[in-house]
Amino acid sequence: MPENPQARALLRWEEHGAPWRVAERTPTSVTVSLLTCDDGTEMDRLVSSDPEFLALVARLLDDPESGSV
């Protein structure tokens, strides 16, 4: 389990099959929108510049089975 709280939250979101989207991404930070399953309403945002979170988001974006939209 990742140490970064945002990474843990995103993995839990993924494990439950809920969609998410990158709202903003720079070389040093990323903002992820956590969305509802039914109509894609944003429920929360995860913002981090932690390298662990950046690497997780990059890995999930490359995974075709990820919940990213």
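The values are calculated or read from the model by the stated rules, or taken from the named source; none is laboratory data. In this text the structure is predicted, and so the values were computed from the model without any measurement. Neighbour counts run over all protein chains shown; Cβ positions are idealised from the backbone, glycine included. Note: areas computed on protein heavy atoms with side chains; ligands, DNA, RNA excluded. Shrake-Rupley method; radii C 1.70, N 1.55, O 1.52, S 1.80 Å.
Miscellaneous remarks
- Acute angle (nearest 10 degrees) that the helix 51-62 long axis makes with the longest principal axis of the chain, alpha-carbon atoms: 50
- Helical content of the chain, expressed as a calculated mean residue ellipticity at 222 nm, amounts to -10000 deg cm²/dmol (DSSP H runs of 4 or more residues, -39,500 (n - 2.57) each, divided by residue number, nearest 500).
- Thr36 sits with roughly 30 Å² accessible to a 1.4 Å probe, with DNA, RNA and ligands left out of the calculation.
- Per-residue 3J(HN,Hα) values for the stretch 33-42, derived from phi via the Karplus relation 6.51 cos²θ - 1.76 cosθ + 1.60 with θ = phi - 60°, read 8, 8, 10, 6, 6, 7, 10, x, 5, 6 Hz in sequence order (x marks Gly and Pro).
- Other residues within the sphere of radius under 12 Å centred on the Cβ of Ala7, judged by their own Cβ, net out at -1 (K and R +1, D and E -1).
- Residues whose amide H comes within less than 5 Å of that of Ala23, counting only those at least five positions distant or on another chain, are Thr31, Val32, Ser33 (H built at 1.01 Å from N in the peptide plane).
- The figure for Leu11 is an accessible area of roughly 40 square angstrom, using a 1.4 Å probe on the protein chains alone.
- Note on the chain: GNM, Cα springs under 10 Å; of Pro51, Pro27, Pro19, the largest mean-square fluctuation is that of Pro27.
- For Ser68, the residues 5 or more places off, or on other chains, whose built amide H falls under 5 Å of its own are Trp20.
- Pair Arg45, Thr28: separation of 7 Å Cα→Cβ label points (nm): 1.9
- Crossing angle, helix 5-15 versus the chain [Cα axis fit, 0-90 degrees, rounded to tens]: 30
- Taking all protein chains as they are arranged and a probe of 1.4 Å, the heavy atoms of Asp44 leave approximately 80 Å² accessible to solvent.
- Cα shape, the stretch 24-69, gyration tensor, a/c 1.5 rule: oblate
- Three-way shape label, the stretch 1-42, alpha-carbon gyration tensor, a/c 1.5: oblate
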